[in-house]
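Comments concern the structure below.
Values in this text are rule-based calculations from the coordinates and carry no lab data. Predicted model only: the values in this text are computed from it and were never measured. Quick reminder, even Gly has a Cβ in these numbers, built from the backbone with ideal geometry, and neighbours come from all protein chains shown.
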Amino acid sequence: MQCNEAQMVRFRTHVLAEEADDWWVSTRPLLENRAEGVTWAVFRREFVSRYFPEDVRGNKEIEFLELTQGDMSVTEYAAKFVELAKFYLHYNAETAEFSKCIKFENGLRAQIKRAIGYQKIRQFPDLVSSCKIYEEDTKAHY
């Protein structure tokens, strides 16, 4: 089932609680009076601006760009990657999957990267799954 922009905003803002809900109740009329309307993109921009100041977003973006697997398991690395990727707004819809896979692959430990990289997996869930399987298989042999 598809929903339009207004329905998406209404549905997603329904889960706001406490201070965030108070903020939305007071901000929504202001946004509705603007010529651009209240689309999901407008809501997201305003919400991020309010709750993730520019310096915090910048630090999170740097943390994302510098993220490597290190001593983390693939599962932990993937979770951290997804958590920080939302602060990296430079992915566009057309190249996001490809770019995420390249970034994730480049941050893997060398052993996993060598084993997985040649496969050129460009769907993020498939890449993570393959890395997890490889990690589990190599643990079982040592």
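Computed quantities for the displayed model
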| quantity | calculated |
| --- | --- |
| Contour excess over end-to-end distance, with Cα ends at Cys3 and Ala20 and 0.36 nm allotted per residue | 3.8 nm |
| Solution diffusion estimate, µm²/s, Stokes-Einstein, the range 5-51, Kirkwood Rh from C-alpha pairs, 4 °C, viscosity 1.567 mPa s | 121 µm²/s |
| In sequence order, calculated HN-Hα J values of the range 43-48 (Karplus, 6.51, -1.76, 1.60; Hz; x Gly/Pro) | 4, 4, 4, 5, 5, 4 |
| Local electrostatic count at Cys131 - Lys and Arg +1, Asp and Glu -1, tallied over other residues with Cβ under 14 Å | +4 |
| Per-residue HN-Hα couplings for the range 124-140 [Karplus 6.51, -1.76, 1.60; θ = phi - 60°; Hz; x = Gly/Pro] | 3, x, 5, 5, 4, 4, 4, 5, 5, 4, 4, 4, 5, 5, 6, 5, 5 |
| Equivalent ellipsoid semi-axes, the chain, via Cα gyration tensor eigenvalues times 5, rooted, Å | 37, 16, 14 |
| Positive-end extreme of charge dipole, the chain - chosen from Val9, Val48, Ala93 (charges on Cβ) | Ala93 |
| Cα-projected label distance for His90 with Tyr118, points at 7 Å along beta-carbon direction, nm | 3.1 nm |
| For the chain, size of Cβ-based charge dipole, Lys and Arg +1, Asp and Glu -1, in debye | 440 debye |
| For the chain: relative contact order, % (alpha-carbon pairs under 8 angstrom, 6 or more apart) | 19 percent |
| Lysines whose Cα lies under 20 Å from that of Lys113, excluding same-chain neighbours fewer than 8 positions away | Lys80, Lys100, Lys103, Lys132, Lys139 |
| Rel. contact order, % - alpha carbon contacts under 8 angstrom, at least six apart, the range 22-90 | 27 percent |
| Within the chain, helix-based [θ] at 222 nm, where runs of 4 or more DSSP H residues each add -39,500 (n - 2.57), nearest 500 | -21500 deg cm²/dmol |
| Backbone HN-Hα couplings from phi across the range 75-82 [Karplus 6.51/-1.76/1.60, Hz, Gly and Pro as x] | 4, 5, 4, 5, 5, 5, 4, 5 |
